[in-house]
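Visitor: Once you've had a glance at the structure underneath, I'll fire off some questions.
Any read-out appearing in this document is the output of simple, stated calculations on the displayed coordinates, not a laboratory observation. These numbers come from a predicted model, not from an experiment.
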Amino acid sequence: MLNRRDFISGAATSVGAMTVMSSEMVKAAPELTMSLNVIYPNHDGAKFDTSYYRSTHIPLAMKVMKAASVILIEGVPMGSSAAPYVMIAHFQFASSEAVTAALAHPAMAEVRADVAKFTDIKPTVMLGKSL
């Protein structure tokens, strides 16, 4: 078992951001959940209005899809290399039926039409499941 003193010592002496975990801490998800991942690949001259996305688009998507939660992951450069993705939205659902219902909702047309208001990037969509 990793104790607090070893954790703090390891964290303080590491370079950059690093998480110290023992194999006892890593566990599978308690139950199967499904995700809808919307991935916006970066390209030269890409337009992406993060403020609009967070304040308007995501609340609209959450209202329509009724996802359990969403995690937004904004890409950041690594050294002199641009981030490969501008943004990833990770929507969590309790079941595959919940994802199916979300995608079939008639108001999804409004969510899709809203994309042009904040980006010129064609997103990649990936369904996933927790293990």
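Visitor: Fully extended, how many nm does the chain gain between K63 and L103 (0.36 nm per residue separation, minus their Cα-Cα distance)?
Guide: That works out to 13.2 nm of additional length.
Visitor: How long, wide and thick is region 76-118, going by the Cα atoms along their three principal axes, in whole angstroms, largest first?
Guide: 42, 26, 9
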